[in-house]
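Here the structure is laid out as structure tokens; the discussion comes afterwards.
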Amino acid sequence: MNVTITDSYDAMSRAAADVIAATVTENPHCNLGLATGSTPIGLYADLVRDYDDGIISFADVTTFNLDEYRGLDPDHDQSYRYFMNKNLFDLVNIDPAATHVPDGANPDADAACEAYEQAIAAAGGVDLQLLGLGHNGHIGFNEPCDHFPVDTHVVKLTESTINANSRLFDSAEDVPREAYTMGIGTIMRAKKILVVASGADKAQIVHDAFFGPVTPEVPASVLQLHPDVTVIVDAEAGALCK
Ligand code: GLP
């Protein structure tokens, strides 16, 4: 595992965008696993800038997002599909048909999960998976529990995650109680993994996830077992790692 502590959120974003840009340059047909949340907004803006400057092209890139709220329509302004369209897909030359986000509106959860795993496998797997980090160590929406869930599945969100994400909704009551997420196995099957974290409120979990014991109670700790993980954090999130 390679952990880099950068000076600022902007430096973290640029360094992470460089890893993604390098992957796209090396393999223009790559499959990128993407994440939502506040943390990656800066790195998506950097990738859009790289595209505007003619440095990278997304023409042949395929993407698979980690997760999606269950029950939200793709055009709901808090859906992860909407977030990705707004922060990246609508701003670069990616083929919309090559962008995949679990279908939050599909009432058949098993079918939606199965279809998602099959789409990833049919594409040849994820080359580079981007991850943010929840305060309780969740990755995607894999919440702390007593095992590592393997494949894409439906989760009940914890109160901690509902509260953390309620800042983006009118109230905590409006946050969906369930979500689709790639499983820990889906994430671990990616050839390369890139984790970003920013801010003092992530310092403890960055420490616990990457320097504490591997346990499903801290889902991100499983990444210690992956052969190719790059962690890029800002100084505040890396404060306990020095
Ligand atoms: C959300 C998402 C995760 C994201 C995490 C951290 O609940 N499901 O995929 O990585 O929380 O979000 P943020 O970057 O806003 O702290």
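The values are calculated or read from the model by the stated rules, or taken from the named source; none is laboratory data. Here the structure is a predicted model, which means the values were calculated and not measured. Cβ placement follows ideal geometry from the backbone for every residue including glycine, while neighbour counts extend to all protein chains displayed. These area figures cover heavy atoms from the full protein model, side chains too; ligands, DNA and RNA do not enter into them. Shrake-Rupley method; radii C 1.70, N 1.55, O 1.52, S 1.80 Å.
Listing for the model above:
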{"read-out": "Failed item in (1) at positive phi; (2) surrounded by 20 or more Cβ atoms within 10 Å (Cβ to Cβ); (3) away from the ligand (no atom under 14 Å from the Cβ), with GLY124 passing the rest", "value": "(2)"}
{"read-out": "Positions within the stretch 199-242 being of a type in the set (A, V, I, L, M, F, W, C), open to solvent by 50 Å² or more (accessible area, probe 1.4 Å) and under 19 Å from GLY33 (Cβ atoms), in sequence order", "value": "LEU225"}
{"read-out": "Any hit, the stretch 183-191, residues being open to solvent by 40 Å² or more (accessible area, probe 1.4 Å), outside any helix (DSSP H, G or I) and either hydroxyl-bearing (Ser, Thr, Tyr) or at pLDDT 95 or above (or both)", "value": "yes"}
{"read-out": "Residue that is farther than 15 Å from PRO216 by Cα and in contact (Cβ under 8 Å) with a residue 12 or more places away in the chain, where the choices are GLY125, GLY134", "value": "GLY125"}
{"read-out": "Close pairs (6 angstrom Cβ cut-off, 6 or more residues apart or separate chains): within 8 Å of GLY183 (Cα to Cα) and open to solvent by 40 Å² or more (accessible area, probe 1.4 Å) in the stretch 139-155, small (Gly, Ala, Ser) and within 16 Å of the ligand (Cβ to nearest atom) anywhere", "value": "VAL150/GLY183; ASP151/GLY183"}
{"read-out": "Candidate set: the stretch 80-90, residues that are open to solvent by less than 80 Å² (accessible area, probe 1.4 Å) and not charged (D, E, K, R); chosen: the one nearest to ALA179 (Cα to Cα)", "value": "TYR80"}
